[in-house]
Amino acid sequence: MQRQIWHIMTDVEICKGFRVEPGKGLSDKEVTRRLAEFGKNTLSIKKGINPVFLFLGQFKDFMVMVLMVATLISGLLGEIADAVTILAIVFVNAILGFIQEYRAERSMEALRSLAAPEAMVLRNNTTVRVPASELVPGDIVMLDAGDRIPADIRWLKTTNIRVEESALTGESQPTAKVDHPLLDEYLPIADRKNMGYMGTIVVNGRGLGVVVATGMDTEMGVIAGMIQEVQDEETPLQKRLAQLGKWLVTISVAVCVVVVITGILQGESFEKMFFAGVSLAVAAIPEGLPAIVTVALAIGVQRMVKRNAVIRKLPAVETLGCATVICSDKTGTLTQNEMTVRRIFCDNQIISLTGQGYDPKGEYHGINPYKEKGPLQELLKCAALCNNAVLTKKGVRVVGLFRGKNPDSVWGIDGDPTEGALLVAAAKAGIWREGLERKEQRVAEIPFESERKRMTVIYKSKDAFTAYVKGAADVILGLCTQEMTKDGVVPMTPERRKKILAYNDEMATHALRVLALAVRDIPKSDVSGEVEDNLTFLGLMGMIDPPRTSAIKAIKICQAAGIKPVMITGDHKLTAQAVAKELGIIKGTDEHVVTGIDLDQMSDDDLEHQVMDISVFARVAPRDKLRIVRAYKKNKQIVAMTGDGVNDAPAVKEADIGVAMGQTGTDVTKEASAMIISDDNFATIVAAVEEGRGIYDNIRKFIRYLLSCNLGEVLTMFLGTLTGLPLPLLPIQILWVNLVTDGLPAMALGVDGSEPDIMKRSPRLPGENVFAKGLGKKILIRGTIIGLGTLLVFVIGLFYGTSLLAARTMAFTTLVFSQLFHVFDCKSERRGIFEVGIFSNPLLVGAVAVSVTMQLCAIYLPFMQTIFKTTALTGWQWIVILLVAGGPSVIIGLIRMIGNAAKTDSPRPRLIQKKL
């Protein structure tokens with residue numbers, strides 16, 4: 001028999017198929033045979049990588065190997081401090097990489113922890129408790145409230161049983177279970193009400209079930225298999241840095257070899273040119289790049305923590321910045337996860353309510369409920385009394401007519417969210433259950449059951465008894481013979497009943513969950529009889545889990561930034577559609593809603609071709625989420641995927657950036673994710689995208705800075721040697737320039753703030769080169785200017801009668817100051833130095849000040865003059881140096897300022913929808 005059709009089979013068919021009698025269970029002999037056939041009821045895990053080999057694997061990266069060579073060369077040159085620094089960089093990067101990969105291996109361990117340790121089973125006609133790992137298909141298990149279901153089961157007998165399945169299905173409320181067969185073969189997991197699944201928890205009632213699947217054959221096992229199938233991929237940043245590292249090393253080494261050979265051919269000694277070439281190689285190769293990337297990412301992580309986003313994998317920060325699609329669950333992320341009554345139908349009136357969540361401070365539009373008498377007051381009274389929820393404030397139960405005045409207080413409910421919404425609606429009109437119960441006392445309750453679709457409570461006031469009833473509109477109206485109006489109680493006619501049901505349907509089309517409320521005065525003699533007939537209809541109350549205000553704003557920001565927001569939810573199509581419209585994900589008559597059943601009818605190719613035109617997926621299963629993510633990735637999209645339940649873990653791990661919920665997320669999903677949002681808010685994801693874009697901008701800034709400066713150093717030496725001039729810089733001076741300019745200024749540039757228009761740009765193309773948008777051109781031009789400027793000052797020093805020592809000191813200082821001026825140009829690729837402001841990054845100003853001080857010490861302190869072969873500079877020499885070093889920054893800044901002032905329009909971001 002196939003796993004997916006258990007829910008349509010009868011008890012007799014299933015038990016016959018497993019050759020088991022529900023009243024006796026399996027024999028020990030049969031259990032042993034089936035254990036051998038099906039294996040233990042555990043989740044199998046592929047053997048992970050040995051931690052030692054995982055750590056050593058961090059040193060296989062090409063850039064790391066180059067850094068190790070640079071360490072060796074620095075040591076040979078006597079630059080012990082440089083060698084130690086580079087070695088520290090290598091080991092820090094290796095440790096960070098190891099931690100990230102080791103954490104990823106723990107997803108399966110977290111999944112295993114969901115398995116129940118033991119199970120109560122019927123064997124040999126006797127009830128026994130056995131390890132859950134020894135369960136086999138056909139075992140009869142007994143479950144009570146609080147038990148974790150040990151395997152996939154088909155319920156044979158249920159008594160008011162409700163199961164918390166949110167970790168598997170995404171359903172926020174416990175599911176009432178039944179024990180009869182269901183008709184639809186293709187029901188989603190969430191709708192298979194006669195099934196129980198491994199890892200879910202019984203929260204109410206008790207039941208008897210037959211095990212239909214164990215171990216990796218369970219739904220949880222299928223998810224475990226999907227998690228292990230997902231392959232880790234390098235992020236765009238990792239790919240580009242690896243490409244950049246190889247390119248830079250190859251070019252730098254080639255140029256250095258040319259410099260050495262040219263110098264030797266022109267008469268310089270081999271030893272001198274060898275050390276000059278090696279020094280130039282150390283300076284030209286940006287060995288600080290991985291360190292600055294790591295620091296920039298780490299600073300980004302700290303910023304995100306302040307914005308409620310916890311990053312578990314550093315490269316994910318940058319990946320977020322190029323996200324083109326954000327797939328998000330609805331409940332609690334896009335919505336408040338707090339049911340709120342929005343509409344009331346009472347006495348032929350449609351009444352709208354305002355307010356946020358469970359705060360009882362909203363208003364009734366068009367009426368004053370405090371002055372209203374008659375049907376509305378009775379409706380709200382029924383809502384408050386036929387209710388077991390309790391309103392709380394900051395976690396403390398509100399037990400009186402207290403209404404908070406502190407706008408920052410946190411309201412919540414203990415109990416069912418639907419009942420909480422009714423309670424709050426009554427409280428907004430000043431009707432509190434605690435006040436009502438001073439005059440009336442509850443004497444009986446008939447609890448809600450899925451079969452009855454209603455709940456009834458009976459209250460006593462003096463010698464009078466009243467039944468308050470709520471439930472599904474069609475059920476309650478079928479029990480009503482009268483309706484309460486402002487003119488009194490009138491008979492309920494078939495026409496009137498039909499009209500009320502039409503109102504119910506209209507409210508349902510707006511994704512409101514509608515309940516009907518009714519009342520009945522019970523004669524003392526009838527209290528023990530049937531109390532749920534001859535009811536008086538009071539009205540309808542429609543509620544919804546409203547969108548977060550912050551999510552609506554975040555959706556607009558996404559769309560302005562060219563990012564496609566996608567809702568993936570287990571809710572019904574109408575609910576998903578209405579919420580998506582309110583959020584702005586879909587607009588007007590644009591449907592864009594696809595259900596899990598629709599997905600089942602699509603091939604992977606069909607989904608791949610249609611997915612960019614779909615914005616909302618409703619009633620989806622775990623496999624659907626994984627397919628959706630893969631379809632977007634096949635369209636060359638960078639996908640962020642949110643999740644909280646176990647069912648989300650495979651899709652979260654498959655996504656380019658997996659996002660777990662901090663408050664409602666399971667350990668499995670958190671372990672599979674790259675980022676955790678602590679407030680479960682969609683707006684936090686968008687804030688993280690903004691930070692990610694800012695981080696990537698900063699990475700481009702210091703790549704621009706480092707490479708243009710390194711190019712300037714290489715050109716100074718290369719052109720100086722090529723033209724037959726004396727060496728413009730000595731090896732020790734090259735290393736000093738590398739230390740003074742590549743250290744603190746580059747690090748400070750890496751933590752620069754984001755530009756104001758960062759979320760008004762299109763996402764980067766997934767395959768975009770790190771030198772895109774003219775960055776390579778900027779590097780070449782500025783590097784050439786730095787190199788030629790340094791050589792110009794060197795030539796001026798030589799031909800105006802100063803010594804070679806003074807000329808080298810001038811060139812040495814020009815090279816340093818040219819780079820320190822240039823670092824301020826690198827603060828923005830679009831605006832000039834005068835628009836950005838020199839003092840907008842205090843850390844950068846401080847870093848430059850330290851570098852300037854170090855250079856002045858190298859020029860003027862006698863013992864450092866001896867080390868670096870420098871001499872004190874005169875006034876006219878300083879004027880030449882500052883004009884040549886600072887002039888380009890001033891000129892470029894003025895050109896940009898004038899050009900930007902002339903611009904009136906900027907291009908709108910576009911959404912990347914076609915295959916690239």
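With a/c under 1.5 counting as rounded, go ahead and sort the stretch 509-604 into rounded, prolate or oblate using the C-alpha gyration tensor (a ≥ b ≥ c being the square roots of the eigenvalues; past the cut-off, prolate if a/b is larger than b/c, else oblate).
prolate
In the stretch 147-219, the ratio of gyration radius to Kirkwood radius, Rg to Rh, stands at 0.92 when only Cα atoms are counted. With Cα atoms defining each centre, the stretch 410-466 and the stretch 314-380 are spaced 21 Å apart in the structure. The listed peptides 160-166, 859-865, ordered by packing as a protection proxy, come out as 160-166, 859-865 (highest mean of other Cβ atoms within 10 Å first). Simple spin-label estimate for TYR860 and LEU182 gives 8.2 nm between the two label positions (7 Å along the Cα-to-Cβ direction from each Cα). A Förster radius of 35 Å combined with the Cβ-Cβ distance from LYS272 to PHE91 puts the calculated FRET efficiency at roughly 0.55. In straight-distance terms, cross-link reach from LYS453 covers every one of the aspartates and glutamates whose alpha-carbon lies under 13 Å from its own, apart from those fewer than eight places away in the same chain; here that gives ASP474, GLU532. Packing, taken as the mean count of other beta carbons within 10 Å per residue, orders the peptides 418-427, 206-215, 880-889 from highest to lowest as 418-427, 206-215, 880-889. Length available on full extension from VAL850 to SER678: 0.36 nm per residue minus the Cα-Cα distance, which gives 58.1 nm. Mean silhouette area of the stretch 775-871, derived from the convex hull of its C-alpha atoms and averaged over all directions, reads 7.2 nm². Rounded, prolate or oblate for the stretch 412-552? Axes are the square roots of the Cα gyration tensor eigenvalues, ordered a ≥ b ≥ c, and the cut-off for rounded is a/c under 1.5. Oblate, because a/c is 1.5 or more while a/b does not exceed b/c. These residues, PHE824, PHE53, PHE702, go from largest to smallest accessible area, 1.4 Å probe, as PHE53, PHE824, PHE702. The value for the stretch 419-499 of Rg(Cα) / (2.2 N^0.38 Å) is 1.25. Listed cross-link partners LYS553/LYS634; LYS564/LYS634; LYS634/LYS701; LYS16/LYS177; LYS428/LYS486 are compared with a 25 Å cut-off, the Cα-Cα value being larger for LYS553/LYS634; LYS634/LYS701. From the cross-link list LYS330/LYS633; LYS40/LYS193; LYS760/LYS827; LYS193/LYS581, which pairs have alpha carbons spaced over 23 Å apart? Exceeds cut-off: LYS40/LYS193; LYS193/LYS581.
Indicate the gyration tensor shape class of the stretch 685-794 (rounded, prolate or oblate), computed on the Cα atoms with a ≥ b ≥ c the square roots of the eigenvalues: a/c under 1.5 is rounded; otherwise a/b larger than b/c is prolate and the rest oblate. Prolate, since a/c reaches 1.5 and a/b exceeds b/c. Under the criterion of Cα pairs below 8 Å and six or more residues apart, the relative contact order for the stretch 312-363 equals 21 percent. Each part reduced to its alpha carbon centroid, the stretch 805-838 and the stretch 694-735 end up 12 Å apart. Rg over Rh for the stretch 582-729 works out to 1.26, using Cα positions for both radii and the Kirkwood form for Rh.
The values are calculated or read from the model by the stated rules, or taken from the named source; none is laboratory data. Quick caveat: nothing in here was measured; it's all calculated off a predicted structure. A quick note on method: Cβ atoms are made from the backbone with ideal geometry, for glycine too, and the neighbour counts reach across all protein chains shown. The accessibility values were calculated without ligands, DNA or RNA, using every heavy atom of the protein model including side chains. Shrake-Rupley method; radii C 1.70, N 1.55, O 1.52, S 1.80 Å.
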